[in-house]
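K.L.:
Take a look at the following structure, please.
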Amino acid sequence: MPERELTFAQAVREALSEEMRRDSRVCIFGEDVAEAGTPFKVLSGLVEEFGAERVLDTPISEAGFTGVGVGAAMAGLRPVVDIMFGDFLTLTMDQMVNQAAKVHYMSGGHWKVPMVMRTTLGATRRSAAQHSQSLHAWFSHVPGLKVVLPSTPYDVKGLLKTAIRDENPVILFEDKMMYKMKGPVPEEEYTIPFGVADVKRTGDDITIVATSSMVQVALGAATLLEKEGISAEVVDPRTTWPLDEKTLIESARKTSRVIVVDEGYGRYGVTAELAAVIAEGAFYDLDAPVKRMGAMHVPIPFSPPLEDLTVPTEQTVSEAARQLCGKS
Amino acid sequence: MPERELTFAQAVREALSEEMRRDSRVCIFGEDVAEAGTPFKVLSGLVEEFGAERVLDTPISEAGFTGVGVGAAMAGLRPVVDIMFGDFLTLTMDQMVNQAAKVHYMSGGHWKVPMVMRTTLGATRRSAAQHSQSLHAWFSHVPGLKVVLPSTPYDVKGLLKTAIRDENPVILFEDKMMYKMKGPVPEEEYTIPFGVADVKRTGDDITIVATSSMVQVALGAATLLEKEGISAEVVDPRTTWPLDEKTLIESARKTSRVIVVDEGYGRYGVTAELAAVIAEGAFYDLDAPVKRMGAMHVPIPFSPPLEDLTVPTEQTVSEAARQLCGKS
Amino acid sequence: MTTTTSKHDTGREVSSAKEKWLRAYRQMVRIRLFEEQVNELYTRALMPGLAHLYSGEEAVAVGICEALRIDDYITSTHRGHGHCLAKGATPDRMFAELLGKEAGYCRGKGGSMHIADPATGNLGANAIVGGSVGIATGAAFAAKRLGTGCVAVCFFGEGALGQGSLYEVMNLAQLWKLPVIYVCENNLYNEYTHYSETTAGDILGRATAFGIEAASVDGQDVRKVNDLATRFIERARAGGGPAFVQANTYRYSGHHVGDINREYYRSKQEEQQWKTERDPIKLLSKWLIAESYADSAQLEGVHSDVHAEMEAAVKFAVAAPYPAPEEVDQDVYA
Amino acid sequence: MTTTTSKHDTGREVSSAKEKWLRAYRQMVRIRLFEEQVNELYTRALMPGLAHLYSGEEAVAVGICEALRIDDYITSTHRGHGHCLAKGATPDRMFAELLGKEAGYCRGKGGSMHIADPATGNLGANAIVGGSVGIATGAAFAAKRLGTGCVAVCFFGEGALGQGSLYEVMNLAQLWKLPVIYVCENNLYNEYTHYSETTAGDILGRATAFGIEAASVDGQDVRKVNDLATRFIERARAGGGPAFVQANTYRYSGHHVGDINREYYRSKQEEQQWKTERDPIKLLSKWLIAESYADSAQLEGVHSDVHAEMEAAVKFAVAAPYPAPEEVDQDVYA
Ligand SMILES: Cc1ncc(C[n+]2csc(CCOP(=O)(O)OP(=O)(O)O)c2C)c(N)n1
Ligand SMILES: Cc1ncc(C[n+]2csc(CCOP(=O)(O)OP(=O)(O)O)c2C)c(N)n1
Ligand SMILES: [Mg+2]
Ligand SMILES: [Mg+2]
């Protein structure tokens, strides 16, 4: 029997429905999450199964309902808060950073905030500057939060289930462009621990550390490189916090050449931290500086030919790899 | 005649009053900025000189009046928006990031947002987790914004004047602990360009790149190190965006050992970018990995003995330098 | 580029009622036919991304903007084509923007949701619900400080009533007596959810609580909208402070061009009823004829004029070149 | 640790009016004398940082919390000592927290502005103005979903009316009929600015606009506060939805302990008037004596009891050890 395949969106939905069946405290709220099932239809069917008391449409009040999520989590629920586009996280920063992230510590460990925020990242949907950002670096910077960046249907299911069971505020970013991507997802229940990187492909000549949909880009680049005799290892940290430094550094020490690829802005973003960690941990083994590739430092333009220039692609990543390996 | 000395707070005030005299479009608003002159008394006397039409107390509406600043800037004023504590920036993120930073680009260069946001950073005031953060890394990550981190009275005056004359949204962070610090400030008018690092002290054995009040910490550490025969160079980027990569890299190549110190959280923060830039640019000259020192990855605790552990000090920085130089 | 609109930018110069309402009629038709072309471009896969059509709501934008001066400010929304045209933009550069072309209002960098134009006081459409309430209020603050006599109109959907920043700036506007008009276009839906599920209590009360004068108006009747707008705008210009308008209206199409199957959130019958009984263009045409300001042939003439204008504008936009790759990192900083 | 409060945690068990109001009296005195010690600790430079005293506003916290069950929730503010005590916290662990000691409610990590205590339903004080409005509303949502019958009270100063998130969550609370009471403590000042300079229009209207029942009350009269609170809380508990209280009150001291010279924003005369004519403790004492529920000797006895309690608590806190350095990175994650 062939392995079962699900789309990324189906895997998200399955994780949620399994957890909602398992634990009656889990509930979902956000804009257009109920009958509409979100604009991406990721949540279709959930309100029908779990009812309007557990899947709730909210007003367009990101700050307000994020705060409601924090309080609900403190008082015994397991809310999954839906922020339609990652760009709207700007409105939730106070509740996520000054409240959710700090409650446990500030209360001396007495209160907990077991809440999950699900949101999106990623450009190239021709949605322009306010619907295309990848702002996960901000959250990775804040102690008290955990940050999850799944790159496959398998990963998103297991990581989301872990997020819901975690006792801390967790934010999970889904690349909108991946919702229709298919991949194997076993029927049996599983979870994936945080802080464990996944080597998505082994290789010897160069390490490509990539996050979220950039993992797919990296895998595509690795395929291109293979044809030219360059063997690329693709490492997916899966969570930027906690971060599995060890796996990253070991791969870097093995291959001695590293590219880090992330769809957030290149400057002061995730690539900086990953590059700094690797440059420090593999200092004596690197043959070349770690190459960073992120979104171009511009607001994402609408115009397709411009937008396509702003994010790393299989072509630009493989070209960078070739250069690093001295083969271009 | 000895050089004139001003406190950091006086230098801020002088910059503002000079610019307000020069340009009637400059106005200030924020909470308790008028008669109270802010809780730190930084703005004392301005409402008396410029009147309640140019120095305005606002309601406690950070999101709202930041947005008003954006619109006022677009329509011909030069607003200086006051956010009392940097921690409250969480409430302004949408207006700063989705609006101010993007308006110029999204409009194809047709609208401009010449607005300045002044706010604070820094811990050790026993103010606990919601009044002690240093969140400048977030803004440095966002294209369209400029980020200024003055470290002396001289610098804050010159940089703030530049900020007010800049055609873009600029955010300037003042360390609350520095307001009473004195330093030379000439009577004559001057401005300081953005993107030009300042070598605050020259040295040969190690480079300490530091921002904001960490520059003072670095200078203190350098004095300690000098007694032990270690000659430290202290480089202050002054603006994290634009960033003067060249000066940083040149210093690193000269000394071959580098520490970067910033009071923001260590993870996914300013130290990561600076370290990554230096590790790449000075790859073949570094004798050791770039050492990063930032705030400990915890919400800032209230309890003094704990809080004091969370930020870099002269002692911890000099100790790190000793280790890097193989002398401890 | 077409110049059809440039002669009557402000509405202030129109001498007679007849001229005034014929002009309003034409403006509404221009919006309607613009949006038809947008849908067409989408269906023909010529437009990148999505767009949110304003069809059905024309009387609001036109009724308000006809009461404004060319240098008055507006801020707009994701559903912004109507505001933009009503304030004086030309369709050719708008279409070019929707297609991501260099000739667009934003050189292709903004797209449908970000059209902005200093020449017509358009501070920009905004893809953040409620994102422009501060901007409009700030522009009003600047107008007051600089003594320009300008007024700012802030358009938003009733969904933006969910955003707290609206209340923050209304409070400020009233305290500082700013010349800003908040125009809530209540088209009954926040995306796919009826507004009654997201909106507790009383909409006007949300402004009057701050001491702001507020009124509801039939948003399908351009004359009523314009009357109310004129009163509020002149009051604001004279220093009387902010006002709030609830314009009751309806969007004919989906939330965006791709929202085709809508039965799960509203009935076809409801849509049909609005289109047949409350269409703003039909309502004005009836009145124009009843007043003998026009006959149906004349009005049909308007439609065919405008149709030609739109076709030419689309043609212009389709043929226009994309920005050069080097443009990608230009205009990040001024 | 002292256990003075543990016998009368909820106010529900009190049988007679006499007992009830004597208990309320004691609670107000406890808050007053707690704050006197805080000021003393500050003046003697024994307390790190600053603190915001609640003196003058005691009737609000006590009037409300006496109408709550021990498992009901509250959220509090930077000026939170009164709420905390009124909800049942003990002063020894509070002082310990204010001094950053391990024995404090937050093991010294929170300090004055972050005291929290699951045992008394205290979700935490909050140093972000308006920062807890969502948290209180969310706790009410959880209470409703879990069927615990609990109610949440959200305390905030009138300054928080400036924060948009308040309006966002009031809308939600009314839509979802949540058992939450928003208590606006109007003490006339946002830091150093009179509230009339920052607050347009009508305060109650800001709740009624969302369909929320709202009332003002004399915040110096603990009986009136308690009556209103009881009505709203029982209504909320029975599923009647949220309510909003404006409690008119006054803070006797500066914005924080270091705010000594206040003449530039308010007169000494104004302060004096409130203290002599509208003191909540004096007002209740008068009434207790008039009703023959107590004589002045008895009431003085309360003061000396409480004084002893506070002195012991301070002594405990001063002597208590700081957290060990290793604690610094504990409890970042659960
Ligand atoms: C802050 C924010 N939240 C959510 C969205 C997604 N969104 C786009 S339009 C919309 C509904 C807006 O409804 P309304 O304000 O009534 O405007 P309408 O579309 O009806 O014109 C939503 C939720 C957004 N763009 N911005
Ligand atoms: C979001 C935010 N903005 C500003 C401040 C600074 N601040 C602390 S208390 C205060 C005034 C609060 O006034 P009010 O809400 O009336 O409470 P009161 O102090 O009178 O009890 C301000 C502005 C803050 N803590 N949080
Ligand atoms: Mg709508
Ligand atoms: Mg107050």
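Values in this text are rule-based calculations from the coordinates and carry no lab data. Because the structure is predicted, anything quoted here is derived from the model rather than measured. Because the Cβ atoms are built from the backbone with ideal geometry, glycine has one as well, and the counts that use them run over all protein chains shown.
K.L.:
Under the convention of a label 7 Å out along Cα→Cβ, give the distances in nm from A:Asp23 to the same position in every other copy, shortest first.
P.N.:
Spacings between copies for this position, smallest first, are 5.3 nm.
K.L.:
Sum -39500 (n - 2.57) across every DSSP H segment of at least 4 residues in chain B, then divide by the residue count to get the 222 nm mean residue ellipticity, nearest 500.
P.N.:
-10000 deg cm²/dmol
K.L.:
State, to one decimal in nm and shortest first, how far the label point of D:Arg237 sits from each corresponding label point in the other identical copies (label point: 7 angstrom along Cα-to-Cβ).
P.N.:
5.9
K.L.:
Follow-up question, since we're still on this one. Return the Rg/Rh value of the stretch D:232-287, two decimal places, where both radii are evaluated on C-alpha atoms and Rh is the Kirkwood radius.
P.N.:
For the stretch D:232-287, the value is 1.18.
K.L.:
Oh, and also: Check cross-link reach from C:Lys275 to the lysines: straight Cα distance under 26 Å, and skip same-chain residues fewer than eight apart.
P.N.:
The qualifying lysines are C:Lys18, C:Lys20, C:Lys87, C:Lys224, C:Lys286.
K.L.:
Quick check on packing: order D:125-134, A:202-211 by the mean number of other C-beta atoms within 10 Å, highest mean leading.
P.N.:
My ranking of the peptides, most packed first, is D:125-134, A:202-211.
K.L.:
What dipole magnitude, in Debye to the nearest 20, does the stretch B:66-176 give about its Cα centre under +1 on Lys/Arg Cβ and -1 on Asp/Glu Cβ?
P.N.:
In debye, rounded to 20, the stretch B:66-176 gives about 160.
K.L.:
Read phi for every residue in the stretch B:229-235 and hand back ³J(HN,Hα) as whole Hz from Karplus 6.51 cos²θ - 1.76 cosθ + 1.60, θ = phi - 60°, with x for Gly and Pro.
P.N.:
Once rounded to whole Hz, the list reads x, 9, 9, 9, 9, 10, 10.
K.L.:
Once amide H atoms are built 1.01 Å from N in the peptide plane, which residues 5 or more positions from A:Met117, or in another chain, come under 5 Å H to H?
P.N.:
A:Val81, A:Val170, A:Ile171, A:Leu172
K.L.:
While we're on this one: In degrees from 0 to 90, rounded to the nearest 10, what is the angle of the helix B:153-165 Cα long axis to the longest principal axis of chain B?
P.N.:
50 degrees
K.L.:
Let me ask something else. Which of the peptides D:306-313, C:92-99 is most tightly packed, and how do the rest follow, going by the mean number of other Cβ atoms within 10 Å of each residue?
P.N.:
So the order, starting with the most tightly packed, is C:92-99, D:306-313.
K.L.:
If you don't mind, there's one more thing I want to ask. Considering amide H positions built from the backbone, and no H for Pro or chain starts, which residues 5 or more places from A:Lys200, or on another chain, come under 5 Å of its amide H?
P.N.:
Answer set, sorted by chain and number: A:Val234, A:Val235, A:Asp236.
K.L.:
Grab the other residues whose beta carbon is less than 13 angstrom from that of D:Ser292, score K and R as +1, D and E as -1, and report the net.
P.N.:
0
K.L.:
Right, something else. Find every distance from the label point of D:Glu311 to the corresponding label point in the other copies (7 Å from Cα along Cα→Cβ) and write them in nm, one decimal, shortest first.
P.N.:
Ordered by distance, the counterparts are at 9.8 nm.
K.L.:
Which of B:Ser127, B:Ser151, B:Ser212 moves most in a GNM of chain B, Cα contacts under 10 Å?
P.N.:
Residue with maximal mean-square fluctuation among B:Ser127, B:Ser151, B:Ser212: B:Ser127.
K.L.:
Ok, one more. Report ³J(HN,Hα) in whole Hz for each residue of the stretch C:272-289, in order, from the Karplus equation J = 6.51 cos²θ - 1.76 cosθ + 1.60 where θ = phi - 60°; Gly and Pro get x.
P.N.:
So the Karplus estimates, Gly and Pro as x, are 4, 4, 4, 5, 7, 9, 10, 6, x, 6, 4, 4, 5, 4, 4, 5, 4, 6 Hz.
K.L.:
Please state the relative contact order of the stretch A:190-253 as a whole percent: Cα pairs under 8 Å, 6+ residues apart?
P.N.:
Rounded, it is 46 percent for the stretch A:190-253.
K.L.:
Quick one: which of A:Lys227/A:Lys291; B:Lys41/C:Lys144; B:Lys161/C:Lys177; A:Lys102/B:Lys291; B:Lys227/B:Lys327 span more than 19 angstrom between C-alpha atoms?
P.N.:
Beyond 19 Å between Cα atoms: A:Lys227/A:Lys291; B:Lys41/C:Lys144; B:Lys161/C:Lys177; A:Lys102/B:Lys291.
K.L.:
In a Gaussian network model over chain B where Cα atoms closer than 10 Å are linked, find which of B:Trp138, B:Trp241, B:Trp111 has the largest mean-square fluctuation.
P.N.:
Maximum fluctuation in the GNM of chain B, among the listed residues, is at B:Trp111.
K.L.:
Quantify how much of the Cα-Cα distance distribution of the stretch C:161-249 extends past 16 Å, in percent.
P.N.:
The answer is 54 percent, as a whole percent.
K.L.:
Compute the semi-axes of the equivalent ellipsoid of the protein assembly as shown, taking the square root of 5 times each eigenvalue of the Cα gyration tensor, and list them largest first in whole Å.
P.N.:
With the √(5λ) rule applied to the protein assembly as shown, the semi-axes are 45, 41, 32 Å.
K.L.:
Report the net charge of residues surrounding D:Val306, where surrounding means a beta-carbon distance below 14 angstrom and charges are Lys +1, Arg +1, Asp -1, Glu -1.
P.N.:
Once all neighbours under 14 Å are counted, the net charge is -4.
K.L.:
Would you mind ranking A:Met96, B:Met106, B:Met117 so that the residue whose beta carbon has the fewest other beta carbons within 10 Å leads the list?
P.N.:
B:Met117, A:Met96, B:Met106
K.L.:
Taking beta carbons within 10 Å but only from partner chains, what does the mean come to for residues D:121-128?
P.N.:
6
K.L.:
Is there a quick way to get the dipole size of chain D? I mean about its Cα centre, with the Cβ of Lys and Arg at +1 and of Asp and Glu at -1; what is the value in debye to the nearest 20?
P.N.:
660 debye
K.L.:
While we're here: All other residues with a Cβ under 11 Å from the Cβ of C:Gly239 taken together, and with Lys, Arg as +1 and Asp, Glu as -1, what is their net charge?
P.N.:
Cβ neighbours under 11 Å give a net charge of +3.
K.L.:
Okay, moving on. As an exercise, take the mean of 1/r over every pair of distinct alpha carbons in the stretch D:17-320, invert it, and state the Kirkwood radius in angstroms.
P.N.:
Kirkwood radius, the stretch D:17-320: 19.3 Å.
K.L.:
Give me, ordered by chain and number, the residues 5 or more places off B:Trp241 or on other chains with an amide H under 5 Å from its own placed amide H.
P.N.:
Amide H to amide H, under 5 Å and 5 or more residues apart or across chains, B:Trp241 pairs with B:Val147.
K.L.:
Evaluate the charge dipole of chain B about its Cα centre and quote only its size in Debye, nearest 20, assuming +1 on the Cβ of each Lys and Arg and -1 on the Cβ of each Asp and Glu.
P.N.:
The calculated dipole for chain B is roughly 300 debye.
K.L.:
Sticking with this structure for a sec: Starting from the exponent 0.38 and prefactor 2.2 Å, build the expected Rg for the stretch B:198-324 from its residue count and divide its actual Cα Rg by it.
P.N.:
0.98
K.L.:
Another question, then. Across peptide C:145-156, what mean number of C-beta atoms from other chains lies inside 10 Å of a residue's C-beta?
P.N.:
So the per-residue partner count for this stretch is 2.
K.L.:
Name the chain C residue nearest the rotation axis between C and D, going by Cβ position, and give the distance in whole Å.
P.N.:
Nearest residue, distance rounded to whole Å: C:Gly164, 1.
K.L.:
Shielding of A:82-88 by partners, i.e. mean partner chain Cβ atoms within 10 Å per residue?
P.N.:
The per-residue average across the peptide is 2.
K.L.:
For the stretch A:5-184, build the convex hull from the C-alpha positions and give me its volume per residue in Å³.
P.N.:
102 Å³
K.L.:
Here's something else I'd like to know. Using each residue's phi in the stretch B:51-67, evaluate 6.51 cos²θ - 1.76 cosθ + 1.60 at θ = phi - 60° and report the 3J(HN,Hα) Karplus result to the nearest Hz, with x for Gly and Pro.
P.N.:
x, 6, 8, 10, 10, 10, 6, 10, x, 7, 9, 4, 4, x, 7, 5, x
K.L.:
Which three numbers, in whole Å and largest first, are the semi-axes of the equivalent ellipsoid of the stretch B:267-328 derived from its Cα gyration tensor as √(5λ)?
P.N.:
So the three semi-axes of the stretch B:267-328 are 26, 16, 6 Å.
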